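I have placed the structure first, in the form of structure tokens, so that the comments after it can refer back to it.
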Amino acid sequence: MKTILAALMITLSPLAASPSFAADSIYTPWNNNLAVGGYDTVSFFSGKPQKGKDTLSLDHAGAEWRFATRGNLDLFKTNPDAFMPQYGGYCAWAVAKDKLAKGSPKYWHVEDGKLYLNFNARIKRRWDKDVRGFIAKGDKNWPAILND
């Protein structure tokens, strides 16, 4: 019953996404298999996120990852976990609130060398008010939230 209720609440939520569950719980939209919306996940760590190129891509953890440069692709290959977004790219604020929603590469934050994505500008402003608190809550909820 809890699972049915949770599914119903997520479906009715304005933050709800129709996620495709990749092998290692990476958020990808229903219409493609792109992680981080096709953005180069390595580029966030320089403070200048860039769209990746389809000619510079690789499959990892059940999703397609794209990169803006060959150097970023090679860097990702050396240690993918260092560059993958937390909570599989789902909205970090939503995970902290024990909900699932898509994360957007437009609303991002790097904290302690980790990338977090949020749903939209309004949610990102909420996230910014207590980043460390939301991370602590999100860490407690992840990845069990995928099984609720």
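All of the numbers you see were taken from the coordinates with simple rules; none came from a lab. On a predicted model such as this, the values are computed, not experimentally measured, just so you know. Counting neighbours? That spans all protein chains shown, and the Cβs are built from the backbone with ideal geometry, glycine included.
Once you reduce region 122-148 and region 40-55 to the center of their Cα atoms, the two points are 23 Å from each other.
Summing Cβ point charges (Lys, Arg +1; Asp, Glu -1) relative to the Cα centre of region 25-148 gives a dipole of roughly 560 debye. Note on Thr69 and Asp148: their simple-model spin labels are 4.0 nm apart, each label 7 Å out from Cα toward Cβ. In terms of its alpha-carbon gyration tensor, region 24-148 comes out prolate; a/c meets the 1.5 threshold, and the first ratio a/b outweighs b/c.
Computed from the Cβ-Cβ distance with R0 of 41 Å, the FRET efficiency linking Asp54 to Ala121 stands at 0.90.
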